[in-house]
1. When a/c reaches 1.5 or more, the comparison of a/b and b/c decides; with that in mind, is segment A:66-161 rounded, prolate or oblate per its Cα gyration tensor?
2. Taking the Cα atoms only, what angle lies between the long axis of helix B:105-133 and the longest principal axis of chain B, rounded to 10 degrees?
3. Just how many % of Cα pairs in segment B:334-406 lie over 18 Å apart, if you round to the nearest whole percent?
4. Using amide H atoms built 1.01 Å from N in the peptide plane, name the residues 5+ places from residue B:258, or on other chains, whose amide H lies under 5 Å from its own.
5. What does the C-alpha gyration tensor say about the overall shape of segment B:165-270? Classify as rounded when a/c is under 1.5, otherwise prolate if a/b is larger than b/c, or oblate.
6. Taking each residue in B:339-349, count the Cβ atoms of any other chain within 10 Å of its Cβ, then average. What number comes out?
7. Over the protein assembly as shown, with a single point scatterer placed on each C-alpha, what log10 of the ratio I(q)/I(0) does the Debye formula yield at q = 0.13 1/Å?
8. Under the rule of at least 5 residues apart or a separate chain, name every residue whose amide H is placed under 5 Å from the amide H of residue A:140.
Amino acid sequence: MTTSSTTSDPSVSAEADPHAGTLGKLAGRFGDGVFTTSRFRDNLRLHVSPARLFELLSSLRDDCGFAFLAELGGTDFLGYPGWSRARFQVHYVLRDLERNERLTVLAGVDEPRPALPSATPLWEGANWMEREVYDMYGIEFRGHPDLRRILMPEEFAAFPLRKDYPLRGRGERHNFTRLTRGES
Amino acid sequence: MPANLLDEPEVGYESKQATWTLNFGPQHPATHTTLRLVLEIDGERIVRAVPDIGYLHSGFEKLGEHLTFNQYVTIVDRKNYISPPMNEVAWHHAVETLLDIELTPRCKYIRVIIGELARISDHLLCAGAAALDLGGFTAFLFAFNTRELIYDIYEEMSGYRFHPGYTRVGGVLYDFNDRVLGRIEKLLIALPKALGDVEKLLMRNRIFLDRMRGVGVLTKEDAISFSATGPIARASGVTYDLRKDEPYLAYPDFDFDVPYATEGDCFSRFHVRMEEMRQSTRIIRQAIDNLPGGPCNVPIAEKFPLPDKGTTYNSMEGLIQHFELIMPNRGVETPRNEVYSAIEGPNGELGYYLVTDGSQVAWRTRTRPPSFIHFQLFPHLIKDHLIADIVAVLGSLNIIAAELDR
C-alpha cells in the first residue's frame, strides 16, 4: 500500500490548448476530410463517418496514447430542432491516463439498419456498453462477440430509448408469456 | 483461492467433461442486490460465469428526458442508493458545465463535503459487507453503525435520510447550519475509531486474509482495457483519480493523497477503500475548517437557482424568478449542444453525457454507471475460482444493482 501525491495544477491547462498535440498528430496521420472537430465548454469532439470510425479509434489508442475508453453510449436525434445529421449518434469518450487529456469521438449512423464497427477488438470494456446501445437503440455493432440484449428481456421487440418509443402507455407486460412452475 | 488443485490428473476424465449449471440469484442474500449469475461449474471450480442483469431496469435514463434538471435529482438519488449525494453532485455538475454556471465558493465546499460523506458511506458499506459475506459479522456492525451518523447528517441538512435530493442547479436546497456542522464534527470523531475497530478485526484475521488475498486478481492492463475506474482500478495500480487528474469543484484547495495498490486482488480493493475513507476524512476536516462565508447559491439575477421560500414570499424579484422557473412555458435558456462531464464517484468515474435542445428538459441523460462497467469484469475475475469466492469477488466490486440496471 503506497500513496501518490502528484498534484496537477488546473491553471496550467487553461493557458495553452491541451489538445494541440493530439490534433497535430491526427492531422499528420489522416489529412483532411476524415474527421471534423467541434468544441463546447471543455469538450473536444471529433465527428467521423462510420466507415472511418474504427481506423480513427485504433489510431487514437495506439498512436496518440488514448488507452482508456471512459464511456460509450448512444443518442437518438429524431425530432431534435434543426438537426440535419444522421438520426443516431454514438459517442466514445477516450482518455489519456498519462497526460489527463480527454476527447470525444462522435459517429452518426442512420436508418434503416443502423450499424457501426464494434470497438471490442480495441477495448474489452466496450462489450457491455455496446450491448446496451444495441438494446436501447437497435444499433448493430459489427464484429461484436456477443451482441444480445442486456437490460431488456430477450423477447422484447422494441428499442425503448428511441424517441418514437413512448414514455407512458400500457406497458409491455401483456406481451410476455406467463410461465407456470412446471414449465420453468 | 484459485482452484488449481482440481486440475490434478487424478480427477477422473469423466468428471472433467461433465459440468454442472448452477443458478445464483436473482434473490440471494450474498448478491445483496437483484442480479443473477448462471455458473457453469466443474465440481466446485467455476468454468464460466454468465451474468444476467436487467431485473431492476426502471428506465431512469428515459425519465431524464422528461423531467427538468431540478426534478431529475430525485431520480439520480435512486441510482447508486448507497451514496445518493454523489449522484446529485455528478448530475448537477454536468448541468452546470453545460449551462456554464460558476458556483459560489461556499457551495463548492458544501458539495465537496457531501460528496466525501457519500464516499465514506459507500466504502463503509462495501468494506463492512465484504467482511459480512465472509462471516465477519462484527466488523459489518461497526461499519454500519457509523453509517447511521452520515444518515443523521443528511437528515439534518435536507430533511431526508435516504434520498436527500439536496443539490439544485446553481446551488443547494438549504445552506449548512450549525447543527449540520455539529453532526459532521461528531462523525469526524467517531469515524477514525470505527475504522480502527474494523481494521483490528480484519487486518490480522487469518480467515479473512486467506479468502481475500490472491482472489480475483485484476492486472493493470486488464483494468485499463475493461474501463475500470475508482478503487478497483487503483487497487490494480492505475493511479487515476478525477479529483487530482481533472480537478473540479474545490478539490485543488485540499491536501489529500490518492491511495493505490499494485496487487489487484480483493484484499487490495478492500485496503484501498479503507485508506480512501481516511483521505476523505482529511478533506472534510479541511473543508469544515475553511468553509467560506457568503451566499450559498448563485445570485438569482443569474436566472438559474430557485429562490428560497423567504425570498419568494417577501420580495418581488424572488416571486418573479420563482414564477419564471416553475411555470412550464418559461424557464432558463439552455444551449442546443451536448457535453460530457464526470466526477470521481465512490465506485469510479461517474459521468453524464448530457444533450439539450434549448428547452428545460434534457434531450438525453446518459449515465456512465461505474457498477455496470465493473460488473463485466466479474466473469473474467471469477474464472477458475471456487464457488465460495463468488461472494468475495462480488463484494469487492461493490455492484449496486439500481445503478447497474438503471
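Every number here is computed from the coordinates shown, using simple stated rules; none is lab data. Computed from a predicted structure; not experimentally measured. Cβ sites come from the backbone with ideal geometry, for glycine too, and all protein chains shown count toward neighbours.
1. oblate
2. The answer is roughly 20 degrees.
3. Values: 1370 of 2628 pairs.
Counting pairs separated by more than 18 Å, the tail of P(r) holds 52 percent.
4. A:4
5. Oblate, since a/c reaches 1.5 and b/c is not below a/b.
6. Details: counts 6, 13, 3, 5, 0, 0, 0, 0, 0, 1, 5.
Across the residues of B:339-349, the mean count of other-chain Cβ atoms within 10 Å is 3.
7. -1.52
8. A:115, A:116
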